[in-house]
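The values are calculated or read from the model by the stated rules, or taken from the named source; none is laboratory data. Only a predicted model underlies this, so the values are computations on that prediction, with no experimental measurement involved. Note that each Cβ is placed from the backbone with ideal geometry, even for glycine, and that neighbours are counted across all protein chains shown. Ligands, DNA and RNA are stripped out before the accessible areas are found, and what is left, the full protein with its side chains, is counted by its heavy atoms. Shrake-Rupley method; radii C 1.70, N 1.55, O 1.52, S 1.80 Å.
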Amino acid sequence: MGKEELNGGKSKRSKNPLDPEEFRRQGHKVIDFLADYYLNVADYPVRSNSQPGDLRRLLPDHAPISGEPFDAILRDIQSFIVPGLTHWMSPNYFAYFPSSGSTAGFLGEVLSSGFNVVGFNWLSSPAATELETLVMDWLAKALGLPESFLFSGGGGGVLPGTTCEAILCTMLAAREKTLRKIGTHRVADLVVYASDQAHSAFQKAARIAGVQPENYRTLPTTRADLFSLSPDLLRRTISKDMEAGLVPFFVCATVGTTSSTAVDPIKALCEVANERNLWLHVDAAYAGSSCVCPEFRHYFSGVEGASSLSLNAHKWLLTNLDCCCLWVKDPSALTAALSTDPEFLKNEASESKKVVDYKDWQVALSRRFRAMKLWLVLRTHGITGLQSILRSHVAMAERFRCLVAGDRRFEVVVPRTFAMVCFRLRPAAGLSSEETNELNRRLLEGLNESGRACMSHAVVGGDYVIRLAVGATLTEQRHVDSAWRLVQQLADALLGAAIINGR
Ligand SMILES: *Cc1c(COP(=O)(O)O)cnc(C)c1O
């Protein structure tokens with residue numbers, strides 16, 4: 001082959017949008033870019049100071065006519081995009097529930113993105129399906145879940161993107177099961193139950209499932225019960241609804257609520273649900289991962305009575321977004337509600353019933369190869385590695401709790417259960433509860449405006465509280481300590497010197 005031909009071949013190849021050598025070159029640059037980002041992210045203001053419309057003002061209002069060099073694009077990412085990000089990977093990030101990315105989680109994501117398979121059924125990518133079934137059994141064992149949630153025990157797991165999808169799909173499965181018994185004309189009589197602390201994902205699922213808004217029961221919780229759902233109240237409400245001719249069919253219990261990490265009593269709630277044949281889903285989006293540590297498993301005791309359970313591995317299990325883990329005891333209930341059988345997907349493997357076709361476990365047809373990243377995380381860290389990381393987060397949160405408890409101006413609002421602390425400035429003499437809330441709101445806003453840490457809020461029992469959630473992967477003790485010093489400084493400024501003496 002002549003030299004020109006080689007060059008001709010090369011320039012022709014480089015026009016291919018997936019030229020392997022170009023991929024290698026640009027890929028290395030992206031990895032270097034991100035490595036530098038992780039090195040420097042602690043110095044960026046955690047919450048972006050962007051104002052609405054900032055990015056539109058900075059970027060052209062139309063796509064380029066001809067393609068641009070990759071280096072120019074990377075430079076613009078640094079100049080225009082990074083300043084508009086809130087840095088969830090910052091060690092000073094403590095808001096909501098942090099997103100716990102890691103090297104293994106990232107590389108798994110890159111691999112699945114690189115293979116770019118669309119594993120809707122087994123045949124469309126056998127290893128993608130089989131790795132997912134395997135890794136769901138692995139994780140179930142690592143968490144100490146009952147055998148009945150494993151494929152080997154007649155149940156099974158699947159990886160949707162989010163908890164919203166997990167709750168929707170299980171609710172649809174439960175609805176189908178119920179309506180098949182009583183007839184679809186009764187759909188307006190269906191009733192769903194959760195506590196008033198349940199995530200809004202519950203309401204959204206009920207809306208999509210066609211449950212009448214007046215039939216969403218969000219049962220009140222109390223501070224005395226640490227905001228957990230009362231089994232007696234659930235039982236009474238279900239009975240009352242049945243007497244009124246309604247059809248209770250679904251309960252969503254939460255372990256680790258978003259506002260205050262409250263824990264619903266799973267065992268007693270499952271008993272109530274099972275008396276009446278209701279589907280009980282355990283939403284453990286955040287706290288489910290804690291089960292890798294045996295000392296947290298008691299919060300899940302009785303879970304063998306539940307119909308399904310889900311957690312977000314992207315919240316507290318080092319897996320990059322998105323990765324929700326859902327286990328069901330009866331996969332056929334899911335597939336009865338969600339399966340389709342178009343001609344163009346017919347194949348022998350599916351007909352043999354020896355394979356899992358995950359398209360029938362979810363809303364969409366196409367699906368990402370999420371098992372890859374979860375598998376990488378489990379293999380890279382092992383169970384003991386994950387345990388020690390989660391325990392370090394818990395220890396840092398506990399230390400923060402002690403610091404708060406040691407300053408008389410502050411109170412810890414609910415006991416710390418996992419790696420999240422809810423705290424606030426105490427109501428000072430002469431301040432109404434609204435004024436106390438306002439003071440705490442200003443404290444949080446000052447904190448987030450400083451850019452030196454980022455936290456978020458909740459309202460529990462009428463009180464505005466500040467939430468510090470430890471879980472960002474780069475966070476170390478010193479970051480938690482300086483977040484506390486920052487809180488104290490802001491409190492000094494807010495309350496004035498007069499009250500500092502009370503410390
Ligand atoms: C975060 C969270 C959700 C919502 O999770 P998505 O994956 O974003 O849908 C639901 N429930 C609880 C308890 C959560 O903490």
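From the convex hull of the Cα coordinates of segment 232-362, what is the mean projected area in square nanometres?
Averaged projected area of segment 232-362's Cα convex hull equals 11.0 nm².
Give me the 1.4 Å probe accessible area per residue for the chain, excluding ligands and nucleic acids, in Å².
Here the per-residue accessible area is 47 Å².
Rounded to the nearest 5, what % of DSSP beta bridges with both residues in the chain are antiparallel?
55 percent
If packing is taken as the mean number of other Cβ atoms within 10 Å per residue, what is the order of 99-105, 270-276, highest first?
99-105, 270-276
To one decimal place, what orientation-averaged projected area in nm² is obtained for the convex hull of the Cα set of segment 311-430? Kindly include the intermediate steps, with their values, before the conclusion.
Working: hull surface 48.7 nm².
Mean projected area of the Cα convex hull: 12.2 nm².
Expressed as a whole percentage, what fraction of the accessible surface of segment 129-189 belongs to carbon and sulfur atoms when a 1.4 Å probe is rolled over the protein heavy atoms? Write down the numbers at each step before the final one.
Numbers: 1290 of 2320 Å².
That fraction is 55 percent.
If packing is taken as the average number of other Cβ atoms within 10 Å across a peptide's residues, how do 44-54, 366-376 rank, most packed first? All intermediate terms of the calculation are to be shown ahead of the outcome.
Values: 44-54: 14.8, 366-376: 24.0.
The peptides rank, most packed first, as 366-376, 44-54.
Leaving out ligands, DNA and RNA, and with a 1.4 Å probe, what % of the accessible surface on segment 260-342 is carbon or sulfur?
In segment 260-342, the share of accessible area belonging to carbon and sulfur is 50 percent.
For the chain, what is the calculated [θ] at 222 nm in deg cm²/dmol (nearest 500), taking -39500 (n - 2.57) for each run of four or more DSSP H residues and dividing by its residue count?
So the calculated ellipticity at 222 nm is -14000 deg cm²/dmol.
I'd like to compare 179-190, 222-233: which one has the highest average count of other Cβ atoms within 10 Å, and what's the full order after that?
222-233, 179-190
Carbon and sulfur together cover what percent of the accessible area of segment 407-503 at a 1.4 Å probe radius? If you can, show how the numbers build up before the last one.
Working: 2010 of 4020 Å².
Here carbon and sulfur together make up 50 percent of the probe-accessible area.
Leaving out same-chain residues fewer than 8 places away, which lysines sit with a Cα under 17 Å from that of Lys177?
By straight Cα distance, Lys177 reaches Lys329.
Can you return the lysines within cross-link range of Lys373? Criterion is Cα-Cα under 21 Å, with same-chain partners fewer than 8 residues away left out.
Partners within reach: Lys141, Lys315, Lys359.
For the chain, what number results from the quotient of the Cα radius of gyration and 2.2 N^0.38 Å?
This ratio for the chain stands at 1.08.
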